[in-house]
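J.: Encoded as structure tokens, here's the structure I'll be asking about.
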Amino acid sequence: MTAATADRHLLYQSAVQDVEAEIDFIEQTWSELRQRPAVLLREDFCGTANTACEWVRRHPDCQAIGIDSDAGVLEWGRQYNLAELDESQAKRIELLLADVLHASTDLADIILAMNFSYYLFLERDDLRRYFECARDGLVDDGILFLDAYGGYEAPMVLTEPRECEDEDGNEFTYIWEQASFNPIDSCMDCHIHFEFPDKSRMDKAFSYNWRLWTLPEIQEILFEAGFSQVDVYWEGTDEKNNEGNGIYTPSTVGDADPGWVCYVVAQV
Ligand SMILES: C[S@@+](CC[C@H](N)C(=O)[O-])C[C@H]1O[C@@H](n2cnc3c(N)ncnc32)[C@H](O)[C@@H]1O
């Protein structure tokens, strides 16, 4: 695989997403908080709708709506991810080309906004407006699931390579670049680049201008938007290697790690 032959969405899905683990967390947390099964999941900022596809694969009753404002990425999702579903699964998923601030859908049991997509809102009022829209899009006992990242390396200008493999075992390097950070407004420019064994590169395959929101801000704004309970699910530590163990539990104290990712669970 070289930069000329690779597909940036396939690389992104292999390097960035773990939709099985994400839906495992959502199913487990939902079952701990609610006494009934969740049926309709809405994936906001869905991109290729990879996570929504995983949801409809889980159970014959599961339905999903994916929302994204980019027609190109939705079309890619249709051609590659939805096309892999069987007929009954494909019938239970709908992709909507819309801005999440103006989308009108059936009320969902669960709304997801993953991979920090809501960091794209740079102003507090806009983020609150998005959280209000999500709350309005949920049933009375619905739950919004977000992820968040931070740590003392998060506002640093840095480049971080990581070795990856695609589904067919082809190797490539995923490179996360934090290109700029402005401490005055907490906004930053980030890029994803890919490099291949022949040294060819796909530079700026994805770029984001976003605000590095802090967990206190996110929790406060969720409450301001009308959610009744907001919990941070922090990752536990594997005693053997001192690394994250992939188990996230509601927590009020976290570790001052250089880089962390956690979930935020907001109940209507
Ligand atoms: C960081 S990607 C996230 C993709 C995927 N959700 C994931 O977990 O990896 C952000 C996506 O949000 C979409 N997007 C940005 N602003 C949006 C908006 N206001 N409404 C809907 N989609 C938006 C972009 O087109 C892009 O596909």
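J.: Within the range 185-194, can one find any residue that is open to solvent by 40 Å² or more (accessible area, probe 1.4 Å) and either of a type in the set (S, T, N, Q) or not assigned by TED's automatic domain parsing to the domain that holds ALA15 (or both)?
T.: The first filter runs over the range 185-194 and keeps only residues open to solvent by 40 Å² or more (accessible area, probe 1.4 Å), leaving 185, 189.
In the following step, the residues that additionally are either of a type in the set (S, T, N, Q) or not assigned by TED's automatic domain parsing to the domain that holds ALA15 (or both) were identified as 185, 189.
Yes.
J.: Which of the residues spanning the range 174-193 are farther than 27 Å from PHE25 by Cβ and assigned to a strand (DSSP E or B)?
T.: Selection gives GLU177, ALA179, SER180, PHE181, ASN182, CYS187, ASP189, HIS191, HIS193.
J.: Between SER31, SER69, which is without any contact (Cβ under 8 Å) to a residue 12 or more places away in the chain and not β-branched (Val, Ile, Thr)? Working first, answer last.
T.: Values: SER69 fails: without any contact (Cβ under 8 Å) to a residue 12 or more places away in the chain.
So the residue among SER31, SER69 that is without any contact (Cβ under 8 Å) to a residue 12 or more places away in the chain and not β-branched (Val, Ile, Thr) is SER31.
J.: When you look at ALA256, is it among the small types (Gly, Ala, Ser) and open to solvent by less than 40 Å² (accessible area, probe 1.4 Å), yes or no? Before the answer, list the steps.
T.: Details: among the small types (Gly, Ala, Ser): yes; open to solvent by less than 40 Å² (accessible area, probe 1.4 Å): no.
Spelling it out, it is not the case that ALA256 is among the small types (Gly, Ala, Ser) and open to solvent by less than 40 Å² (accessible area, probe 1.4 Å).
J.: Output the strands (runs of 3 or more DSSP E) that fall wholly within the range 1-104 and possess 2 or more residues being within 9 Å of the ligand (Cβ to nearest atom) and open to solvent by less than 40 Å² (accessible area, probe 1.4 Å), or say none. Outline the logic, then answer.
T.: On the way: elements: 40-44, 63-68, 93-97.
Hits in the range 1-104: 40-44, 63-68.
J.: Could you tell me how many of the residues in the range 194-227 are acidic (Asp, Glu) and within 27 Å of ASP255 (Cα to Cα)? Walk me through it before giving the result.
T.: Residues of the range 194-227 acidic (Asp, Glu): 195, 198, 203, 217, 220, 224.
Then keep just the ones that are within 27 Å of ASP255 (Cα to Cα); that gives 217, 220, 224.
Matching residues across the range 194-227 total 3.
J.: Let me ask something additional. What number goes with the only condition from (1) closer than 22 Å to TRP30 by Cα; (2) crowded, with 17+ Cβ neighbours inside 10 Å that THR249 does not pass?
T.: Exception for THR249: condition (2).
J.: For GLN219, which of the numbered conditions (1) in the same structural domain as LEU146 (by TED's automatic domain parsing); (2) free of Cβ contacts under 8 Å to residues at least 12 places away in the same chain fails to hold?
T.: (2)
J.: Now for a separate question. Working only within the range 206-245, note down all residues that are open to solvent by less than 20 Å² (accessible area, probe 1.4 Å) and either over 20 Å from GLY151 (Cβ atoms) or not aliphatic (A, V, I, L, M) (or both).
T.: Correct list: TRP210, TRP213, ILE221, LEU222, ALA225, PHE227, VAL230, TYR233.
J.: On to the next question. Within the range 108-163, work out how many residues are open to solvent by 10 Å² or more (accessible area, probe 1.4 Å), within 12 Å of the ligand (Cβ to nearest atom), over 22 Å from HIS191 (Cα atoms) and under 18 Å from the mean Cα position of the chain (by Cα).
T.: The total comes to 1.
J.: Among the numbered criteria (1) open to solvent by less than 50 Å² (accessible area, probe 1.4 Å); (2) of a type outside the set (Lys, Arg); (3) within 22 Å of PHE145 (Cα to Cα), which single criterion is violated by MET202?
T.: (3)
J.: Let me ask you something else. Which of the following residues is under 30 Å from TRP30 (Cα atoms) and assigned to a strand (DSSP E or B): TRP213, TRP234?
T.: Residue meeting the stated conditions: TRP234.
The values are calculated or read from the model by the stated rules, or taken from the named source; none is laboratory data. Remember, predicted model here, so these are calculated numbers, not experimental data. Don't worry about glycine lacking a Cβ; one is built from the backbone with ideal geometry, like all the others, and counts go over all protein chains shown. Heavy atoms of the whole protein, side chains included, go into the accessibility calculation; ligands, DNA and RNA do not. Shrake-Rupley method; radii C 1.70, N 1.55, O 1.52, S 1.80 Å.
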